[in-house]
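Step one of this worksheet: look at the structure below.
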Amino acid sequence: MSGYTFSAENLKEIDKLLKRYPSKEALTLPILWMVQNDLGYLSNIALREASKILDMPTSHFYSVASFYTMFKFKKSEKVFVELCKSLSCELNNSDELYEYLKTRDDIELVRVECLGSCGSSPMCAINGKYHENLNIKKLDTILGDKDAL
Amino acid sequence: MVTIYVNNKPIICKDKELLIKVLKENDIFIPHFCYHESLGADGNCRMCLVEIEGSKRPQIACDTFVYDGLRVHTKSESILETNKDILELELLSHPVDCPTCDQAGECSLQNYYMEYGLYDSRVSVAKNKKDKALDLGSNIMLDQERCVLCMRCVRFCSDITKTDELVVMGRGNDSYITTTPFMRLSNPYAMNVIDLCPVGALTSKDFRFKQRVWFLDSTQSICHACSKNCSIFIDHNAQKNQNDHVHRFRPRVNTMVNGHFICDEGRLSYKKANETRKNDFIMKSRISTYESILKHTKKLLQSENAIALVSASLSVEQMLLVKELSEMYLFDVYYDYKEDEKFGDDFLKSSIKESNLYTAKLLDFKLVDKPYEESLISKSLILNFNSEFISKPRPIEMIEFLTHEGKFERSSSIFTYEYFHNDMGLLINSDGVISSYKKSSKVKSEKFTLLKILNDLLDESYTNESIYEKYKELFFKNIPYSKIMKQSQRLGL
């Protein structure tokens, strides 16, 4: 397997952040985002490279990344749907959306905590983009148009 | 020094000491999972909550530092209620499979439940399901459902061995311990996590389903796997109509030698204690009796020109009696040892595999080298005291004192004597610390001890104590025997 190298731009960003924070642990999330934005998931090789750069054990990155719902450890071609499970969405029938989304096998579904869009609940993020005031019909249309996602 | 009051009783302790440490040192019962003397505080389990006068809420004892006049309560009604609630949370998703769990009998959850719990489960929803019987490597099995996430094992791998194999994955109710992806638990001290685990989550593949811990007797002993001489407990018992069987070695806390841990190789060296010789005395390849072989040996010692080879793992007392014998019959005593650079490290493993090399040198025994080979030519009798380096250059009379199967079963006369797990003695480790290992009072000896055999050859009746006391001034800086029996003592190099 080939290795993983952080882009020059990212390395520059890491240097900048190292100076900004009192401890290098603070760089864990930024560096995880760098890898995920680059590869679409967190590969073991990339995490090992990150652990070399920050001189922290690989286990630390796994531990932190697995705490959050937005990080993925496997590459997936499927559409990534993050459905809010917090109060406002719940009150506006997000459970119904969940039952519907569960039946679709062309998407990767995660239930997440509040995404800060309560005024337009129920909502979800599809491949990182917010879709608000949803119902099953609207969701179906959005997911049907794969090119627009 | 400051005075604190625990349950209204004054305790004098060092200022700014960790409260939980003070409580434990004074034998005050304080429930806890995550705190461990060797790993320090982590504050994640919340089990050690105590009531502190002047504080609104209960405080964890592992994050409270003592100061003069501190008043702590561990038994008040409100704190008992709090402890019970915390325990109930810890046990929410516990499978309660104590009947099949190896930790039963030495499990903190069980002990605390008996102390604080004694309630019926109020959980009506399904319990969290996690993985069971996961083989992590290094003889360690993980049951994630039994885990209380105290992270002692994770901290051991990150702080002590610095190998970072274990990790907590996930969040909240769904978090679990596992090995870092693409890694196995593999370091020479890995099995210590089994002792560290306060519950039955981490169990030893080697020990599981073998014995119930309450059927085991523990004897204070010393590991003989290398010259570090780590303090251990030998857990053993005799099944009905069977001989005593050793089931495991466990580390015994000794701050002067090994702290809280032992290496995996030493831990698994208990197997050697179950492979000792049967109780037989062999003379000229025939089973003989003790008396006749004793007579035979005495006769040979008087008439023949002897040389002796001792194992550098013999105890101090055994070596002293060999020395006495050598002075009586005027023969030279040699020793040899193995050095395994790959085995040694700067923690608890010494590259010298013999556990009492220090004493062999101290008593002026000679190291096997060329003169030994040369002097063998003129000798007519070899005495071998359990040394594995013995060789037989030509047909020659040989008397062996062995614990295990020897190389020359068919051609030498053999005394079988008790291996260290059923004997007592003193050892000096590679750092010059002298420690004692004890004999279980519950095991009936079937074999003679080497001390008894040597006494019979000398027509003396030394005990472990009297032979040591005789030489303590000459070799052992006058440290009294009784002091070593209580605690290891530093002789210095």
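Couple of notes before you dig in:
- Between residue A:140 and residue B:485, the FRET efficiency from the beta-carbon distance, with R0 = 60 Å, is close to 0.15.
- Couplings 3J(HN,Hα) for the range B:425-439, derived from phi with the Karplus relation 6.51 cos²θ - 1.76 cosθ + 1.60 (θ = phi - 60°), are x, 10, 9, 10, 8, 5, 9, x, 9, 9, 10, 10, 10, 10, 9 Hz, where x marks Gly and Pro.
- Centroid-to-centroid, using Cα positions, the range B:193-207 and the range B:146-161 are 12 Å apart.
- Estimated from helices alone, the mean residue ellipticity of chain B at 222 nm is -6000 deg cm²/dmol (sum of -39500 (n - 2.57) over DSSP H runs with n ≥ 4, per residue).
- In this structure the amide hydrogen of residue A:108, modeled in the peptide plane, comes within under 5 Å of the amide hydrogens of A:79, A:80, A:81, none closer than 5 places in sequence on its chain.
- Taking the C-alpha atoms only, the angle from helix B:290-303 to the longest principal axis of chain B is near 50 degrees.
- Tail fraction, Cα-Cα pairs, the range A:79-148, threshold 20 Å, whole percent: 16 percent
- Expressed in Å, the radius of gyration and Dmax of the Cα atoms of the protein assembly as shown are 32.4, 108.
- Checking every one of the trypsin sites (Lys or Arg not before Pro) in the range B:408-493 against DSSP loop status and a limit of 13 other Cβ atoms within 10 Å picks out B:410, B:442, B:444, B:477.
- For the range A:1-110, applying the loop criterion from DSSP together with a ceiling of 13 other beta carbons within 10 Å to the GluC sites (Glu not before Pro) yields A:77.
- Only lysines eight or more places from residue B:9 in sequence, or on another chain, were considered; those with a Cα closer than 20 Å are B:21, B:24, B:75.
- Entry for the range B:2-90 at q = 0.16, 0.24, 0.25 Å⁻¹: log10 I(q)/I(0) = -0.57, -1.30, -1.40, Debye formula applied to identical alpha-carbon scatterers, no solvent contribution.
- Scalar couplings 3J(HN,Hα) for the range A:108-119, obtained by applying the Karplus form with A = 6.51, B = -1.76, C = 1.60 to θ = phi - 60°, are 9, 10, 10, 8, 10, 6, 3, 9, x, 9, 5, x Hz; x denotes Gly and Pro.
- Whole-number percent relative contact order across chain B, with pairs defined as alpha carbons under 8 Å at least 6 apart: 11 percent
- When the trypsin sites (Lys or Arg not before Pro) in the range B:2-54 are filtered for DSSP coil states and for at most 12 other beta-carbon atoms within 10 Å of their beta-carbon, the remaining sites are B:14, B:16.
- Backbone N under 12 Å from the residue A:72 label point (7 Å along Cα→Cβ), restricted to the range A:79-103: A:79-82
- Under-5 Å amide H pairs with residue B:166, H placed in peptide plane, nonlocal only: B:180
- Shape class for the range B:88-243, computed from the alpha carbon gyration tensor (a ≥ b ≥ c): oblate, with a/c not under 1.5 and a/b at or below b/c.
- Residues whose placed amide H lies under 5 Å from that of residue B:248, excluding near-sequence neighbours: B:235
- One Cα centroid belongs to the range B:324-352, the other to the range B:223-293; the line between them spans 19 Å.
- Modelled spin labels at residue B:215 and residue B:131, positioned 7 Å past Cα toward Cβ, are 3.2 nm from each other.
- Pairs from B:338/B:442; B:162/B:342; B:284/B:447; B:349/B:486 whose Cα-Cα separation, in the structure shown, is over 26 Å: B:338/B:442
- Under the Debye formula (equal points on every Cα, no solvent term), log10 I(q)/I(0) of the range B:222-271 at q = 0.23, 0.29 Å⁻¹: -0.76, -1.05
- Cysteines having no other Cys beta carbon under 4.7 Å from their own, within chain A: A:114, A:118, A:124
- The mean count of C-beta atoms from other chains within 10 Å of the C-beta of residues in A:61-68, rounded to a whole number, is 5.
- Diffusion constant of the range B:83-163 at 10 °C, which comes from Stokes-Einstein with the Kirkwood Cα-pair radius and 1.306 mPa s, µm²/s: 111 µm²/s
- Coupling constants for the range B:40-53 follow from the phi torsions by the Karplus curve (6.51 cos²θ - 1.76 cosθ + 1.60, θ = phi - 60°), and in residue order they are x, 8, 10, x, 9, 8, 6, 6, 8, 4, 10, 9, 10, 4 Hz; glycine and proline get x.
- If the convex hull is drawn through the Cα atoms of the range B:40-142, its volume per residue in Å³: 153 Å³
- Applying D = kT/(6 pi eta Rh) to the range B:436-493, where Rh is the Kirkwood radius over alpha-carbon pairs, T corresponds to 37 °C and eta to 0.692 mPa s, the Stokes-Einstein value obtained is 247 µm²/s.
- Label sites at residue B:65 and residue B:184, each approximated as a point 7 angstrom past Cα along Cα to Cβ, lie 4.4 nm apart.
- From the C-alpha gyration tensor of the range A:1-57, square roots of 5λ in Å: 18, 12, 10
- Taking the C-alpha atoms of chain A, convex hull volume expressed per residue in Å³: 140 Å³
- Using alpha-carbon coordinates, inclination of helix B:77-90 to the longest axis of chain B, degrees: 70 degrees
- For chain B, the Kirkwood radius over C-alpha pairs fed into Stokes-Einstein at 4 °C and 1.567 mPa s yields D = 51 µm² per second.
- Counting Cβ atoms of other protein chains within 10 Å of each Cβ in B:152-161 and taking the mean gives 1.
- Protection proxy ranking, highest mean first, for peptides B:259-266, B:130-137, B:285-292: B:259-266, B:130-137, B:285-292, where packing is the per-residue count of other beta-carbon atoms within 10 Å, averaged.
- Taking B:140, A:142 and counting other C-beta atoms within 10 Å, the order from fewest to most: A:142, B:140
- Take the Cβ atoms of residue B:159 and residue B:240, set R0 to 30 Å, and the FRET efficiency comes out at 0.10.
- Shape metrics for the range B:124-204, restricted to C-alpha atoms - Rg then Dmax, Å: 12.2, 43
Coordinate-derived values only; no laboratory data. Note that the structure is a prediction, hence the values are computed from the model and not measured. Cβ sites come from the backbone with ideal geometry, for glycine too, and all protein chains shown count toward neighbours.
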